[in-house]
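Q: Pasting a structure below so you can have a look.
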Amino acid sequence: MNTLNKIGLEKEDSQQIAEKLNQLLANYHLYYQNLRGFHWNIKGEYFFQLHVKFEELYTVALTKIDAIAERILTIGQQPLHSFSAYLNAASIQEAINVSGGKETVAATQAGLNVILNLEREILSLAAEKGDEGTVALMSEDINENEKTLWMLNAFMS
């Protein structure tokens, strides 16, 4: 019986990694939707800065969502693809009626922290299982998200 998937990774290992990647995918969808809402609804003295920043962040998040889903497919698994599945799998909560500058940035920071913690978990698991493609994806994303979080922290201080 063949235990390897089409790219030479253990099927069981790939399934474990895909479960975590699906959690990440779900969280990214909530993060993305929150950013869209912040972009549309931001009010107050930081409007001009944050309106543009939230558009930049949700555009980047959309690209990452696609990369995560494609990685799940690459390792022979199926990405979540319904809003109900995202809501069930995500730790990030929907931000409803949030429009103040500091409030929206704090929610964005909280979302990024959830994503970073999960990415670090996936990075360790993928390294342990020899899934270099997922390691590379997580490594790059962690670096970008840490920089974004640093900038948001600077804004809030």
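We did not get these values from a lab; they are worked out from the coordinates using the rules stated. Only a predicted model underlies this, so the values are computations on that prediction, with no experimental measurement involved. Here Cβ is always computed from backbone atoms with ideal geometry, including for glycine, and neighbour counts include all displayed protein chains.
Q: Mind listing just one residue for me: the one in the stretch 19-56 that is of a type outside the set (Lys, Arg) and in contact with a strand residue (DSSP E or B) (Cβ under 9 Å, 6 or more places away or on another chain) and, of those, surrounded by the fewest Cβ atoms within 10 Å (Cβ to Cβ)? Quick ask: steps written out before the conclusion?
A: So the first thing to find is which residues in the stretch 19-56 are of a type outside the set (Lys, Arg), and the list is 19, 21-35, 37-42, 44-52, 54-56.
Subset that is in contact with a strand residue (DSSP E or B) (Cβ under 9 Å, 6 or more places away or on another chain): 42, 44, 46.
On the way: 42: 23, 44: 12, 46: 16.
Result: 44.
Q: In addition: Go through the residues of the stretch 89-99 one by one and say whether even a single one is in contact with a strand residue (DSSP E or B) (Cβ under 8 Å, 6 or more places away or on another chain) and either on the phi > 0 side of the Ramachandran plot or among the aromatic types (Phe, Trp, Tyr) (or both).
A: Filtering the stretch 89-99 for residues in contact with a strand residue (DSSP E or B) (Cβ under 8 Å, 6 or more places away or on another chain) gives 99.
Remaining after also requiring either on the phi > 0 side of the Ramachandran plot or among the aromatic types (Phe, Trp, Tyr) (or both): none.
Within the stretch 89-99 (the criterion being in contact with a strand residue (DSSP E or B) (Cβ under 8 Å, 6 or more places away or on another chain) and either on the phi > 0 side of the Ramachandran plot or among the aromatic types (Phe, Trp, Tyr) (or both)), the answer is no, since none of the residues qualifies.
Q: Same structure, new question: Out of curiosity, is residue 92 surrounded by fewer than 18 Cβ atoms within 10 Å (Cβ to Cβ), farther than 30 Å from residue 8 by Cβ and of a type in the set (A, V, I, L, M, F, W, C)? Even if it seems obvious, please write down each step before you answer.
A: On the way: surrounded by fewer than 18 Cβ atoms within 10 Å (Cβ to Cβ): no; farther than 30 Å from residue 8 by Cβ: yes; of a type in the set (A, V, I, L, M, F, W, C): yes.
Here the answer is no, as residue 92 does not meet what is asked.
Q: While we're looking at this one, here's another question. For the stretch 123-130, indicate whether the set of residues that are surrounded by fewer than 14 Cβ atoms within 10 Å (Cβ to Cβ), among the acidic types (Asp, Glu) and closer than 16 Å to residue 36 by Cβ is non-empty.
A: Going residue by residue through the stretch 123-130, those that are surrounded by fewer than 14 Cβ atoms within 10 Å (Cβ to Cβ) are 124, 128, 130.
Next cut, among the acidic types (Asp, Glu) only: 128.
Of the ones still in play, those that are also closer than 16 Å to residue 36 by Cβ are none.
No, the stretch 123-130 contains no residue that is surrounded by fewer than 14 Cβ atoms within 10 Å (Cβ to Cβ), among the acidic types (Asp, Glu) and closer than 16 Å to residue 36 by Cβ.
Q: Any residue that is touching a His at 6+ places or on another chain (Cβ under 7 Å), closer than 27 Å to residue 42 by Cα and surrounded by 13 or more Cβ atoms within 10 Å (Cβ to Cβ) - is there at least one of those in the stretch 108-122?
A: no
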